[in-house]
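Novice: Questions regarding the structure given below will be posed in turn.
Values in this text are rule-based calculations from the coordinates and carry no lab data. What you see is a predicted model, and the numbers here were worked out from it, not measured in a lab. Cβ placement follows ideal geometry from the backbone for every residue including glycine, while neighbour counts extend to all protein chains displayed.
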Amino acid sequence: MSAVGIGAMSFTSFYGPTSEAESHAILTAALDLGIDHLDTSNVYGMGLSERVIGSFLAKQGKAKDGLFRIATKAGIRRDKETGKRGFDNSPEHLEAELDASLQRLGVEAVDLFYVHRRDPRIPIEEVAGTLAGFIAAGKIHAFGFSEIAPASLRRAAVEHPVAAVQSEYSLQTRSPELGLVQSCERLGASLVAFSPVGRGLLTDTPPTPEKIAGADFYKANPRFTEPNYTANLAITESFRRLAAELGTSAAALAIAWLLHRSPAVIAIPGTRSVAHLEQLAAGGALALTEADLDRIETVLPVGWAHGDRYSEAQWIGPERYC
């Protein structure tokens, strides 16, 4: 599987407006670039991301099989009456949502199925057993968990091998280095890193105040609100200059740094631009020397980012472990 994949939340309006045609163009470019890993979820655009991928695959006819390694997720749900977000890892909910995802994607099975957020009411060992049952039924080929703690990963792996753990990981968010990377390496799991370019801060075109004002996530996120936003923008300018000196883009350099951290790491950046996708893919092929890595650490040392990675409301669901 390609070391750089696509985080398909960007096929919805989460980070800004897009269209099915634009998303299909990205999928076409991905095939040309050798990118074969797609990461989506039942809640991305309330199924929109999966439908966009499904409509692209449908256009390929019989050739669709094997084009991409597809991962999707379930486990987040909203109360129909209150609209409040909650988590459900029950066998009935996970299977119903998986079946709906397979229908939207137009496939008989997905390569990887994640529990998007842990339900604290159900022991993770029981959830792993449920997921193993989906493998036996031929609906998924492997399973993983998103935003869990290293201790939870170790508990689940006793029940059944866990293929992957998804977590935010980048030069901007390095908490996975406090146990999660190491646990993945020991257990043979992949660490699938989302937001590997710092939600745009680690690119040559970081989010503008206008873009931030137009996206609910940005407006609530501590790293994109003042005074943190201005501080983070100023700090990352040195990273952009370093990338230019090394003859590459900031996005490519951020991806390359991440992939150099561990052979267990896979990056799934999201994008709404083919040109940006090409930069991200270039990062997967970029070789860095120890001197390059030292220079990166000098301009963006551990703990440089101003503000937490989530607001208190955004922290509901992910397991904190450090």
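Novice: Where Rh is the Kirkwood radius over the Cα pairs of the stretch 119-179, the temperature 37 °C and the viscosity 0.692 mPa s, what D in µm²/s does Stokes-Einstein return?
Specialist: Taking Rh from Cα pairs, D becomes 263 µm²/s.
Novice: Show me, for the stretch 63-78, the HN-Hα J-couplings you get by feeding each phi into the Karplus relation (A = 6.51, B = -1.76, C = 1.60, θ = phi - 60°), rounded to Hz, glycine and proline as x.
Specialist: 6, 5, 5, x, 5, 10, 8, 9, 10, 9, 9, 7, x, 9, 9, 10
Novice: Using the Cα atoms as the points, what is the convex hull volume per residue of the stretch 122-249 in Å³?
Specialist: 154
Novice: Hey, what angle do you get for helix 250-259 against the long axis of the chain, alpha-carbon based, 0 to 90 degrees rounded to 10?
Specialist: 60
Novice: Same structure, new question: I'd like the Kirkwood hydrodynamic radius of the chain, using the inverse of the mean 1/r over distinct C-alpha pairs, in Å.
Specialist: 20.0
Novice: Next up: Could you compute the longest span of the chain free of trypsin sites (Lys or Arg not before Pro) located in DSSP loops and having at most 14 other Cβ atoms within 10 Å, not counting the site residues?
Specialist: Between the exposed loop sites, the longest stretch runs 122-319.
Novice: I'd like the distance between the alpha-carbon centres of the stretch 137-193 and the stretch 44-104, rounded to an integer number of Å.
Specialist: Using only Cα atoms, the two centres lie 20 Å from each other.
Novice: Okay, next question. For the chain, find the longest principal axis of its Cα atoms and tell me its angle to the long axis of helix 290-299, 0 to 90°, nearest 10.
Specialist: With rounding to tens, the tilt is 80 degrees.
Novice: Moving on. Relative contact order of the stretch 149-202, please, whole-number percent, based on alpha carbon pairs below 8 angstrom and at least 6 residues apart.
Specialist: 43
Novice: Taking a 30 Å limit on the Cα-Cα distance, which of the listed pairs 73/211; 59/139; 59/219; 73/219 fall beyond it?
Specialist: 59/219
Novice: Report the equivalent ellipsoid semi-axes for the stretch 192-252 in whole Å, largest first, defined as the square roots of five times the eigenvalues of the gyration tensor built from alpha carbon atoms.
Specialist: Working through the eigenvalues yields semi-axes of 21, 13, 9 Å.
Novice: Another question about this same structure. Checking a compactness column here: for the stretch 245-322, what do you get for Rg(Cα) / (2.2 N^0.38 Å), N being the number of residues?
Specialist: Relative to the 2.2 N^0.38 Å estimate, the stretch 245-322 comes out at 1.29.
Novice: Another question, if that's okay. Step by step: find N for the stretch 1-105, compute 2.2 N^0.38 Å, then divide the Cα radius of gyration by it. What's the final number?
Specialist: My calculation over the Cα atoms of the stretch 1-105 gives 1.12.
Novice: Taking a ≥ b ≥ c as the square roots of the Cα gyration tensor eigenvalues, with a/c under 1.5 meaning rounded and otherwise prolate when a/b beats b/c, else oblate, which class fits the stretch 156-212?
Specialist: In terms of gyration-tensor shape, prolate.
Novice: Need one number: convex hull volume per residue for the stretch 76-167, Cα atoms only, in Å³.
Specialist: 100
Novice: To continue, here is another question. If one takes the longest principal axis of the Cα atoms in the chain, at what angle in degrees, from 0 to 90 and to the nearest 10, does the Cα axis of helix 124-136 lie?
Specialist: Approximately 70 degrees, to the nearest 10.
Novice: Amide H of residue 87: which non-local residues (sequence gap of 5 or more, or other chain) have their own amide H closer than 5 Å, using H built in the peptide plane?
Specialist: Amide H to amide H, under 5 Å and 5 or more residues apart or across chains, residue 87 pairs with 77.
Novice: Only loop residues by DSSP count here, and only those with at most 11 other Cβ atoms within 10 Å; note down the GluC sites (Glu not before Pro) in the stretch 1-89 that meet that.
Specialist: 81
Novice: Using all alpha carbons of the stretch 177-293, what is the percent of pairwise distances in each 10 Å bin, ordered from the shortest bin to the longest?
Specialist: 13, 39, 35, 12, 0
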